Amino acid sequence: MRTTPETVAELIARQWGDHRPGLKHGGTNPTVLSHHQAAQEAAARAALLVDLLPSDAEPHIGVLLDNTPEFPFWLGAAALAGAAVAGINPTRRGPELARDILHTDCRILVTETAHLPLLRGLYLPGVRILVTDTREYTDLLAPYAAAKPGEAVLSAPAPASRLLLYFTSGSTGAPKAAVCSQGRLAAAGDSLARHFSVTPDDVHYVCMPLFHGNAVIADWLPALAAGASVALRRRFSASAFLDDVRAYGATYFTYVGRAVQYLLATEPRPDDREHTLRLGFGTEAGAVDAARFAERFGVRLVEGYGATEGGASVQRTPDTPPGALGRAGAGDDLAVVDPQTGQECPPAVLDADGRLLNGSEAIGELVNRGRSLFEGYWRNPQAEAERTRAGWYWTGDLFFRDADGFLYFAGRTDDRLRVDSENLAAAVIENILARWPAAASVAVYAVPDEAAGDQVMAAIALREGAAFDPDAFCAFLAAQPDLGTKMSPRYLRIMDSLPTTATNKVHRVALRRAGFRCPDPVWWRPPGAEGYRPLDPAALSGLLEAYAAHDRAALLER
């Protein structure tokens, strides 16, 4: 019987002497390392780290890598040495990239040749750069090849030892580095492994970026806890997904953002169901696309909720209704509250098809009023205070709760809209618009109204071969019983594909900044009009005059 681990270092050490397949990489003709070899590589890097890190430095390593074997090797090395990894996002540029490295006090930065251009010209005082795919790096590691787990430590690994400094992808301001301890991460990996009945025969396909918490916490760690093997994809590829799954014999994968929509947008194949996958676990797929995925690929998607910060979690149970994420996790006292008043929102009213009928009253911010596993942000007391104000943990996410206590995700607080004095949640509108057969993916966001408040704008990527038909779209909207009178989009941006971040989430900041002044076709419904019409130059000019007349033109520049 598997014992509950206290640290990730313990999980790495368990691999020693296990010669079953542990790490696969390389795609259709994969290279396979055993669990023992993976632990050996981690131990060698732990010994190197102990010798290289200055004695007066924080025990932090920046890792600027794609999903190569070096990434889990350095995660393991940090765990064994009592150090911490800061996952560095390769889509960051210039001063922002330098800020991430320096803010987390990294004196060592591990990278690869492909990312060296990102570092040119950056001022990184006191930072030593290790380039993993060079002869110099190989020679540097060679003397440590015989190292074993536990032989080289900066400080003895303990449950409270920092292991990850993972940046959250906030929509405004500099990203915050969430602190994650070995004890919390080991417990999370063990809990997920037990929840999903992971066994040593499973293969976890890691196609989401390892610099983001999803891939490490929900994919790598459960495999480590259960003794399953891990298969790496350097960068997510929808077209290569099934080929990888077959080559690796993958049984489980995680996803975030629009990854599922990208997979559904690939050309259907007769062998779409010929694979070994049994489960996908992630966030933001949406009920419509999860059903489409199951129908096409024969794979169940489980939507979960639990931020890298660890402040709140929602546990799925066998009786969780469609569309819901589950109930509060053990020990959590979760509530949906109005962020302005702090008062609990009334239960959601759902129709027979599970559609929300009282969103303006039922949707609020999810807070944890009980114990929280949140361990703070690295050197950011202001952000910590905002997250834990009034003694509660504020998730920054919108939810609603039904009469039986089941929780439903409704988007980020940043994605809340206020239309004609009514509060709306972008995710709720997105879920409705996603039913439109011509839509491959949808994003809803606020644009300023010309007089007061917001208006609803939707960016829609059409399915291959589809064309936008305004009359058909209006008929679709009219047929949706849960589409409130204020929810219909005023503006529609028709796109080939939605812009995304490095973690496959919709780049809402870019969409909001562009608004209706963008290169793509935009349709709009003027006040009082019945249908949509193109936002042509004459209409745009008149609209901008209306903003100026109400002294709101500056809002369009934010």
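Computed values, structure above
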quantity	calculated
Number of the exception - R2 against (1) crowded, with 22+ Cβ neighbours inside 10 Å; (2) outside the structural domain of L116 (by TED's automatic domain parsing)	(1)
Some residue of region 342-364 being β-branched (V, I, T), part of a loop (DSSP other than H, G, I, E, B), within 30 Å of L164 (Cα to Cα) and at pLDDT below 90	no
Matching residues in region 60-97 - criterion: being surrounded by fewer than 20 Cβ atoms within 10 Å (Cβ to Cβ) and modelled with pLDDT of 95 or more	D66, T68
Flag if R508 is out of contact with any Ser or Thr (no Cβ under 7 Å at 6 or more places or on another chain) and either basic (K, R) or more than 18 Å from E450 (Cβ to Cβ) (or both)	no
Near pairs, Cβ below 8 angstrom, 6+ apart or cross-chain, from region 452-477 (at positive phi) to any residue that is surrounded by 13 or more Cβ atoms within 10 Å (Cβ to Cβ)	G453/R418; G453/V419
Residue list for region 525-549, filter: closer than 15 Å to C474 by Cβ and either assigned to a helix (DSSP H, G or I) or among the acidic types (D, E) (or both)	E530
Test set (1) under 19 Å from the mean Cα position of the chain (by Cα); (2) over 14 Å from T254 (Cβ atoms) - P339 fails condition number	(1)
Meets criteria (touching a Leu at 6+ places or on another chain (Cβ under 9 Å), more than 25 Å from I88 (Cα to Cα) and part of a helix (DSSP H, G or I)) for L185	no
In region 481-518, residue nearest to the chain's Cα centre (by Cα) [restricted to those that are among the small types (G, A, S), at pLDDT 90 or above and part of a loop (DSSP other than H, G, I, E, B)]	S497
Options A478, A461, A539, A472; residue that is under 27 Å from the mean Cα position of the chain (by Cα) and either loosely packed, with under 15 Cβ neighbours inside 10 Å or outside the structural domain of L350 (by TED's automatic domain parsing) (or both)	A461
Residue within region 299-310 that is part of a helix (DSSP H, G or I), of a type outside the set (S, T, N, Q) and over 24 Å from L398 (Cβ atoms) present	no
Some residue of region 196-208 being under 17 Å from G304 (Cβ atoms), assigned by TED's automatic domain parsing to the domain that holds E96 and without any contact (Cβ under 8 Å) to a residue 12 or more places away in the chain	yes
Residue in region 291-300 that is surrounded by 14 or more Cβ atoms within 10 Å (Cβ to Cβ), modelled with pLDDT of 95 or more and in contact with a Pro (Cβ under 8 Å, 6 or more places away or on another chain) present	yes
Failed criterion for D202 (all others in (1) among the charged types (D, E, K, R); (2) surrounded by 22 or more Cβ atoms within 10 Å (Cβ to Cβ); (3) within 21 Å of A86 (Cα to Cα) hold)	(3)
V230 being assigned by TED's automatic domain parsing to the domain that holds E295, modelled with pLDDT of 95 or more and not aromatic (F, W, Y)	yes
Region 442-480, residues that are acidic (D, E) and either in a strand (DSSP E or B) or in contact with a helix residue (DSSP H, G or I) (Cβ under 6 Å, 6 or more places away or on another chain) (or both)	E450, D454
When residues of region 228-251 are limited to those that are more than 20 Å from the chain's Cα centre (by Cα) and not hydrophobic (A, V, I, L, M, F, W, C), the one surrounded by the fewest Cβ atoms within 10 Å (Cβ to Cβ)	S239
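Residue by residue, here is whether (1) part of a strand (DSSP E or B); (2) closer than 21 Å to L33 by Cβ holds:
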{"position": "V50", "(1), (2)": "no, no"}
{"position": "D56", "(1), (2)": "no, no"}
{"position": "V63", "(1), (2)": "yes, yes"}
{"position": "D66", "(1), (2)": "no, yes"}
{"position": "W74", "(1), (2)": "no, yes"}
{"position": "L80", "(1), (2)": "no, yes"}
{"position": "R99", "(1), (2)": "no, no"}
{"position": "P117", "(1), (2)": "no, no"}
{"position": "D133", "(1), (2)": "no, yes"}
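The values are calculated or read from the model by the stated rules, or taken from the named source; none is laboratory data. As the structure is a prediction and not an experimental result, all values here were calculated from the model. Heads up, the Cβs are rebuilt from the backbone with ideal geometry, glycines too, and the neighbour counts pull from every protein chain shown.
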